[in-house]
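To keep things clear, I will list the structure first and then write my remarks on it.
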Amino acid sequence: MPQDQVFWYLKPSTPQRLTKTITTDVVIIGGGMAGISAAQSFRKRGLNVVLIEKYFCGAGATGKSSGFITPDSELGLPYFARHYGVHKAQALWELVTGGMQLIQDNIVAFNIGCDYQQQETLVVANKKRDYASFKEEHDLRSKLGYTSTLYQQNELPTVLGSSHYYGGLRSGGTFGIHAYAYVQHMKDRLQEMGVAVYEETPALSIAEHTVQTPLASIKANYIIVCIDRWAPDLGILTKDIYHAQTFLMVSPPLIDKIVQKIFPQDHFMVWDTDHIYTYYRLIHDNRFLVGGGSWLRTLAQRPTYHADSVYRTLTSYIKKKFPEVTLTFSYRWPGLIGITKDIMAYAGRDPHVPNIYYIAGASGLPWAAALGAYSVENLLDNRTDFDTYFSPTRTFIPGHTAQRFIGKRATFALATSINLFLKPYI
Ligand SMILES: Cc1cc2nc3c(=O)[nH]c(=O)nc-3n(C[C@H](O)[C@H](O)[C@H](O)COP(=O)(O)OP(=O)(O)OC[C@H]3O[C@@H](n4cnc5c(N)ncnc54)[C@H](O)[C@@H]3O)c2cc1C
């Protein structure tokens, strides 16, 4: 029976709390990928930076994540082209790949041991008609100068040991990391650079230039709120941030023969084309990580720690796709991701208090990293070219009035479906 334990947390953190009131240039609230990236970017510009974290750095989505570092997670290039046109799609793609680059540069510059593995991405079609969308994406990529390889159903088994998909689309430049180790290492590096990091120090309230924590307050010129799905707890984006849930399982180390059967050529990061998709990759020690969810659990009101049915479904999915291998699992855990109604992150200034900046609902680690850096350019250099896409005040259908009647969960289910599937090409 797998342990209900986040595999990555086997090495715990040693927190330091804030006990004295302080003054600084910038306070970052939240020690996930977005907060770490913002802290680093502000510090690089010579400002005094304090980062406070409610639990420990990586305690949120970042440290629980499966560590796929790819530009397309929930939102891919075709989505951007459909919604914003091809040129803007390319600009957004460059922004998110900039987030990947930032993570990679840090790993190299600081020699971060975070199970960095160059792993190409392979998206696999669960239905015949999904393969047609690969063709569209492949063409779009090549039009914009990004390479990819299409595999028809009969070709796919040469690169993935399953004959139970209808084809695949491969793209390079992607990699996998142990994201908890990454942020914990970055915490140490930030401290060496002069950033003051306080864990077990939640923000209890935010005023114009003041953040109140349990034992002390912080006065700052800029306040950057990077608390993702917790934003409503501080009265921020209360109607506009919800959460989605996904579940992960990690196997014991696999012998090479089994690895070879699953990945006969390269160790890909794989996900399928289902709306609530299943994803898997190899992590260190040849452990197999698989993640996914279910319609019922994904938008559940509360985190679900006892989701045996989801874990059973994931196990039988792998059995069905790779009937020649038998996998067991030793760890399993759920994780919540902050979401917006169109799955595009929020990144922008508070409309009434412009020295306060919010980042929330980043659909993926590269987005969180990219927007952490963007917040600095926005506040210090007045860079605004991406503001409209990520505006925290953008509106959706259904709007707030409908939400009052049908509730937050149903509104998010409807709005995300409308935005992901129905919005026409522009
Ligand atoms: C199970 C799972 C798997 C995932 N897999 C991937 C993947 O493979 N690839 C990918 O790109 N993305 C993945 N994601 C999504 C990705 O992890 C998130 O998009 C990203 O980590 C968001 O980063 P963040 O810094 O905005 O939020 P978080 O990492 O959630 O950070 C927010 C931080 O704020 C802290 N906080 C909350 N309230 C307060 C407060 N009042 N005061 C101070 N601190 C506070 C929290 O403790 C937390 O540490 C996954 C997510 C989950 C849950």
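The values are calculated or read from the model by the stated rules, or taken from the named source; none is laboratory data. Predicted, not measured: the structure shown is a model, and the values here were computed from it. Backbone-built Cβ (ideal geometry, glycine too); neighbour counts: all protein chains shown.
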Check: Residue check: is Ser37 farther than 29 Å from Ser417 by Cα, more than 11 Å from the ligand (Cβ to nearest atom) and crowded, with 21+ Cβ neighbours inside 10 Å?
Finding: no
Margin query: So, in the stretch 240-259, exactly how many residues are assigned to a strand (DSSP E or B), within 13 Å of Phe329 (Cα to Cα) and more than 9 Å from the ligand (Cβ to nearest atom)?
Written below: 2
Item checked: Test: Ala203 is under 19 Å from Gly30 (Cβ atoms), within 11 Å of the ligand (Cβ to nearest atom), modelled with pLDDT of 95 or more and of a type in the set (A, V, I, L, M) -> yes
Note to self: Report every pair of residues separated by at least 6 positions or lying on different chains whose Cβ atoms are under 6 Å apart, first residue within the stretch 282-299 and closer than 21 Å to Leu327 by Cα, second basic (Lys, Arg) and buried (at least 21 other Cβ atoms within 10 Å of the Cβ).
What the structure shows: Leu289/Arg281
Check: Taking the stretch 40-72 as the search range and keeping residues that are near the ligand (Cβ under 6 Å from one of its atoms) and of a type in the set (Phe, Trp, Tyr), which one is nearest to Thr201 (Cα to Cα)?
Finding: Tyr55
Margin query: I need the full set of residues from the stretch 160-185 which are within 15 Å of the ligand (Cβ to nearest atom) and either under 17 Å from the mean Cα position of the chain (by Cα) or in a loop (DSSP other than H, G, I, E, B) (or both), in order please.
Written below: Gly173, Thr174, Phe175, Gly176, Ile177, His178, Ala179, Tyr180, Ala181, Tyr182, Val183, Gln184
Next item on the list: Name every residue in the stretch 313-341 that is away from the ligand (no atom under 15 Å from the Cβ) and out of contact with any Ser or Thr (no Cβ under 7 Å at 6 or more places or on another chain), in order of residue number.
Entry: Thr315, Ser316, Ile318, Lys319, Lys320, Pro323, Glu324, Val325, Thr326
Notebook entry, point to check: Between residues in the stretch 55-74 that are on the phi > 0 side of the Ramachandran plot and residues that are modelled with pLDDT of 95 or more and near the ligand (Cβ under 6 Å from one of its atoms), which pairs lie under 9 Å by C-beta distance while being six or more apart or on different chains?
Noted result: Gly58/Gly31; Gly58/Gly32; Gly58/Met33; Gly58/Lys64; Gly67/Leu365
Checklist line | Subset tally (residues that are within 27 Å of Gly292 (Cβ to Cβ) and among the small types (Gly, Ala, Ser)) for the stretch 214-272 | finding: 3
Next item on the list: Considering only the stretch 72-152, give the helices (runs of 4 or more DSSP H) lying wholly within it that have at least 3 residues that are closer than 29 Å to Ser41 by Cα and in contact with a helix residue (DSSP H, G or I) (Cβ under 8 Å, 6 or more places away or on another chain).
Entry: 77-84, 86-109
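Here's the yes/no breakdown for (1) in a helix (DSSP H, G or I); (2) touching a strand residue (DSSP E or B) at 6+ places or on another chain (Cβ under 7 Å); (3) modelled with pLDDT under 95:
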site: Ser309; (1), (2), (3): yes, no, yes
site: Arg332; (1), (2), (3): no, yes, no
site: Ala347; (1), (2), (3): no, yes, no
site: Val353; (1), (2), (3): no, no, no
site: Pro366; (1), (2), (3): yes, yes, no
site: Ala373; (1), (2), (3): yes, no, no
site: Leu380; (1), (2), (3): yes, no, no
site: Arg394; (1), (2), (3): no, no, yes
site: Gln403; (1), (2), (3): yes, no, yes
